Every structure is written in structure tokens, then in C-alpha cells.
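Chemist: After the C-alpha cells below, expect a handful of questions from me.
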Amino acid sequence: MSQDVKHVVLSSPVHLFSFGFGAGLSPVAPGTVGTLFGVAVYLALVSLSPVLYVLCVVGLFMAGCWACGQTSAILKVPDHPGIVIDEVVGYLVTMLFVPLAWYWVLAGFFLFRVFDIWKPWPVSLADRKVSGGFGIMLDDLLAALYALLCLHAMVWAVQLA
């Protein structure tokens, strides 16, 4: 990552937010590092009531749409790999209403990364066709919904066993 990008990111709280408070500055796998930061955010929020958790996620999604739009415009890159607040929010969505246990945290991480990288339809469609900050956030939201469904199916299967 160039020094110019680092300077832009570190010079503004908006860009720092878009880059997951620095997680997106990782020279290797910034999306994965951003998702790891998402795990830390999840662990900080999981003790909230379900209503407050959802409100936080919705607020972060909306703030992410705006911030990602600002950051991508300044960097002149439609979806810079270092913009990882979408991964953070995606992970938080993946973990909605999932029981707190280390194995569900790990399973959610793995499932979200798989769907975020694979981008099955309509994730791939949103990734290609929807631009701006909303587009940056939307494809990860859709990937998170796939991961959420799979994770809840796993939780349900374990509870039946």
C-alpha cells in the first residue's frame, strides 16, 4: 500500500473508519484482517440486548455507506481493498442471534469469508452493478445473509442432536 493511501487514511477519522481503524492497512489479506477486527467488535457488542445490537449494526451499516463513499472518492478507487468496514459489518450481521461460543465465532468467521470471497448470486451482481458507498457495503451484507442462514442451520442442527 502506498504512503499516499496511508497518509489519507490516517489523516481523517472518516477514512480511518472506512479502513476498519487501520485493519485495512494490512499488506496481506486486508479483508480477512478487517473481518478479524469485526470479531473484536462483535465480542464488544454481543452483551448488548438484541435490539441494541441490531441498532448498532444498522447504524454502522449506514455510517459505512457514507464513509466508504467518501473514502473511495478521495482515493479515486471504486472499492479499495483496504476499505474493510464492510467486512466488519458483514461479520456482525453473520453473528445476529447466534449463541456466544468460540466455535460459533470461528464458524461465523469462516462462513462469512467464504461467501464474501465466493460471491454467489446475487452477491456478485451487487458487487458488479451497485456503486458508491452503498455498493461497497451491499455485497458484504448479502454475503453475510448467506453466512447467517448457514450458521443458523448449523446451530439448529446442533441443538437437535
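The values are calculated or read from the model by the stated rules, or taken from the named source; none is laboratory data. Everything numeric here is computed off the predicted structure, so don't read it as measured data. Here Cβ is always computed from backbone atoms with ideal geometry, including for glycine, and neighbour counts include all displayed protein chains. Side chains included, ligands, DNA and RNA excluded: accessible areas come from the protein's heavy atoms. Shrake-Rupley method; radii C 1.70, N 1.55, O 1.52, S 1.80 Å.
Chemist: Is there a quick way to get the dipole size of segment 95-161? I mean about its Cα centre, with the Cβ of Lys and Arg at +1 and of Asp and Glu at -1; what is the value in debye to the nearest 20?
Modeler: 100 debye
Chemist: Now for a different question. Quick one: 3J(HN,Hα) in Hz for segment 119-126, Karplus 6.51/-1.76/1.60 with θ = phi - 60°, rounded, Gly and Pro as x.
Modeler: After applying 6.51 cos²θ - 1.76 cosθ + 1.60, I find 6, x, 4, x, 4, 5, 5, 4 Hz.
Chemist: Percent of accessible area on the chain owned by carbon and sulfur, 1.4 Å probe?
Modeler: 75 percent
Chemist: Now a separate question. Explain nothing, just compute: Karplus ³J(HN,Hα) = 6.51 cos²θ - 1.76 cosθ + 1.60, θ = phi - 60°, for every residue of segment 133-141 in order, whole Hz, x for Gly and Pro.
Modeler: x, 5, x, 4, 7, 5, 5, 6, 4
Chemist: Assuming R0 = 25 Å, what is the FRET efficiency of residue 28 and residue 103, from their Cβ-Cβ distance, to the nearest 0.05?
Modeler: 0.45
Chemist: Please calculate how many Å² of accessible area segment 11-117 carries per residue, with a 1.4 Å probe and no DNA, RNA or ligand atoms counted.
Modeler: Value for segment 11-117: 45 Å² per residue.
Chemist: Determine the calculated [θ] at 222 nm for the chain from helices alone, applying -39500 (n - 2.57) to every DSSP H run no shorter than 4 residues and normalising by the residue count; nearest 500 deg cm²/dmol.
Modeler: It lands at -24000 deg cm²/dmol.
Chemist: Mind checking which of 103, 53, 146 has the largest fluctuation in a GNM of the chain, springs on alpha carbons under 10 Å?
Modeler: Residue with maximal mean-square fluctuation among 103, 53, 146: 103.
Chemist: Could you sort 4, 127, 86 by accessible area so the largest value comes first, with the probe set to 1.4 Å?
Modeler: Largest to smallest exposure gives the sequence 4, 127, 86.
Chemist: Using a simple charge model, +1 on the beta-carbon of Lys and Arg, -1 on the beta-carbon of Asp and Glu, nothing else, what dipole does segment 1-136 show about its Cα centre, in debye to the nearest 20?
Modeler: Dipole magnitude for segment 1-136 comes out near 120 debye.
Chemist: Once phi is turned into ³J(HN,Hα) by the Karplus curve 6.51 cos²θ - 1.76 cosθ + 1.60 with θ = phi - 60°, what whole-Hz value does each residue of segment 15-23 show in order, with x for glycine and proline?
Modeler: Running phi through 6.51 cos²θ - 1.76 cosθ + 1.60 with θ = phi - 60° gives 6, 4, 4, 4, 8, x, 6, x, 4 Hz.
Chemist: Sorted from largest down, give the three principal axis spans of the alpha carbons of the chain, whole angstrom values.
Modeler: 54, 32, 29
Chemist: Indicate the gyration tensor shape class of segment 2-85 (rounded, prolate or oblate), computed on the Cα atoms with a ≥ b ≥ c the square roots of the eigenvalues: a/c under 1.5 is rounded; otherwise a/b larger than b/c is prolate and the rest oblate.
Modeler: Prolate, because a/c is 1.5 or more and a/b exceeds b/c.
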